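**Q** Here's a structure for you.
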Amino acid sequence: MRGHQKLSLCLRSSFIDHSRGHQKLSLCLRSSFIDHSRGHQKLLGGLFMKRVLSGIQPSGKLTLGNYIGALQNFVALQHEHECYFMVVDLHAITVPQEPAALREQTESVASLFIASGIDPSKASIFLQSHVPAHAELGWLLTTQTYMGELERMTQFKDKSAGKDSIGAGLFVYPSLMAADILLYNTDLVPVGDDQKQHLELTRDLAQRFNHKYGATFKIPEPFIPKVGARIMSLDDASKKMSKSNPNPGSYIALLDSPDEIRKKLSRSTTDSGREVIFDPQNKPEISNLMTIYANCSGLTLEAVAARYEGQGYGQFKKDLAEHVVQVIEPLQEKYRTIRSSGEIGRILKEGAERVGTVAEQTLRSVKERMGFLL
Ligand code: TYM
């Protein structure tokens, strides 16, 4: 084993707001892989900061589901963690993409990171394709992944269902995602519930590699919000809210106008009855809307239920729309500013430069362990 293990006291803040679904953090003593060949971890008050990494695909419009399940947590984590957030353009091409649309969406998603509140002076924002080590480690890990593991992935099953020709990239997608995470000795991966299975495979691959070639990768932990890990469609609460749904009324896009948002929420499906109570089993539609309400207002689910006791769905839906608009309007204003500033290219370049050295060092050590001549 080449990496020295060192004990470090790690102070994790408690920015707990259960209504917003942030995980509770505590003071902890942990063992940390400090291998200087793999990049230096940032310090906070003399203590090692945990490293956080996550990514979002630039395939279509981002939705309120992406915001609540992922972006909102990226923003909260950036203050006391060393954060790496990327637009995963190499993942996007696992389904067909028009080159011009891919360019536009990539810039749009990177700008939405900043518009949501990610501060490029705190967190590194970059494009996956700007750091070639992703593709290279992706291949190395593909050779360590079993067909059976990939066949079990529900995202692959969903995305390939009913299609005649399925690109091989869609199948090996999880090995590339594992590379994204393992390249940076990542501690925490903030994602929505749908990515849990990919995270489990990442952990399995890291353990398999470490067992076969010696301790190389840190085993990452998922960071999944308690409230809002799976925001459902507005027209059918049995389906995840998704940008790829052909019915635009089923999702709120982060760039929808306030009037579109009001219209979509007023038309959203509700369960029979009229009580605003959180009961995902028996009242999945209203429970989903309550989750959105809680996340956008900062209230707990209990406080939302108490506020609308005996009032029915009408007022609840109207107020819900205003809370969502209050989150989205400033975000859109910031989005327009960043897009028109022409700054995004520089931010992405600087981000890739910052993280690139860490990625290169990990890749080098993986190749050395696997027997490549360096
Ligand atoms: P993607 O682009 O589909 O989604 C980005 C993030 O948004 C979350 N999300 C949701 N959360 C709650 N409710 C929803 N309806 C909802 N829809 C999406 C996703 O869980 C995700 O966190 N494979 C990943 C991208 C990726 C990645 C990575 C993530 C590639 N490499 C490394 C983390 C680390 C994906 O397709 O996410």
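To keep it simple, each residue is scored yes or no on (1) part of a helix (DSSP H, G or I); (2) in contact with a Phe, Trp or Tyr (Cβ under 9 Å, 6 or more places away or on another chain).
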| position | (1), (2) |
| --- | --- |
| 199 | yes, no |
| 203 | yes, no |
| 207 | yes, yes |
| 211 | yes, no |
| 215 | no, yes |
| 226 | no, no |
| 229 | no, no |
| 234 | no, yes |
| 237 | no, no |
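**Q** What helices (runs of 4 or more DSSP H), lying completely within region 115-182, carry at least 1 residues that are of a type in the set (Phe, Trp, Tyr) and in contact with a Phe, Trp or Tyr (Cβ under 8 Å, 6 or more places away or on another chain)?
**A** Helices (runs of 4 or more DSSP H) meeting the threshold: 154-160, 168-182.
Rundown of residues vs (1) touching a strand residue (DSSP E or B) at 6+ places or on another chain (Cβ under 9 Å); (2) within 16 Å of the ligand (Cβ to nearest atom); (3) at pLDDT 95 or above, yes/no style:
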site	(1), (2), (3)
200	yes, yes, yes
227	no, yes, no
233	yes, yes, yes
237	no, yes, yes
241	yes, yes, yes
258	no, no, yes
284	yes, yes, yes
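**Q** Within region 39-57, can you find the residues that are surrounded by 21 or more Cβ atoms within 10 Å (Cβ to Cβ) and either near the ligand (Cβ under 8 Å from one of its atoms) or farther than 22 Å from residue 360 by Cβ (or both)?
**A** 53, 54, 55, 56, 57
**Q** Report the residue count in region 250-274 for those that are in contact (Cβ under 8 Å) with a residue 24 or more places away in the chain and either under 26 Å from residue 330 (Cα atoms) or of a type in the set (Asp, Glu) (or both).
**A** Counting residues in region 250-274 that are in contact (Cβ under 8 Å) with a residue 24 or more places away in the chain and either under 26 Å from residue 330 (Cα atoms) or of a type in the set (Asp, Glu) (or both) gives 14.
**Q** If you don't mind, there's one more thing I want to ask. For region 93-110, how many residues are surrounded by fewer than 23 Cβ atoms within 10 Å (Cβ to Cβ) and either within 14 Å of the chain's Cα centre (by Cα) or closer than 16 Å to residue 351 by Cβ (or both)?
**A** 1
**Q** Let me ask you something else. If I ask for residues that are at pLDDT 95 or above and either within 9 Å of the ligand (Cβ to nearest atom) or not in a helix (DSSP H, G or I) (or both), which ones from region 58-73 would you list?
**A** Hits for region 58-73 are 58, 62, 63, 64, 65, 66, 67, 68, 69, 70, 71, 73.
**Q** Quickly run through region 174-187 and pick out the residues that are under 24 Å from residue 230 (Cβ atoms) and near the ligand (Cβ under 10 Å from one of its atoms).
**A** 174, 176, 177, 178, 180, 181, 186
**Q** Residue by residue through region 260-270, note down the ones that are surrounded by fewer than 17 Cβ atoms within 10 Å (Cβ to Cβ) and over 27 Å from the mean Cα position of the chain (by Cα).
**A** 263, 266, 267
**Q** Let me ask you something else. List pairs: first in region 169-180 and over 12 Å from residue 53 (Cα atoms), second of a type outside the set (Val, Ile, Thr) and not in a helix (DSSP H, G or I), Cβ under 7 Å, 6+ apart or cross-chain?
**A** Pairs that qualify, where the first residue is over 12 Å from residue 53 (Cα atoms) and the partner is of a type outside the set (Val, Ile, Thr) and not in a helix (DSSP H, G or I), are 174/153.
The values are calculated or read from the model by the stated rules, or taken from the named source; none is laboratory data. Predicted, not measured: the structure shown is a model, and the values here were computed from it. Note that each Cβ is placed from the backbone with ideal geometry, even for glycine, and that neighbours are counted across all protein chains shown.
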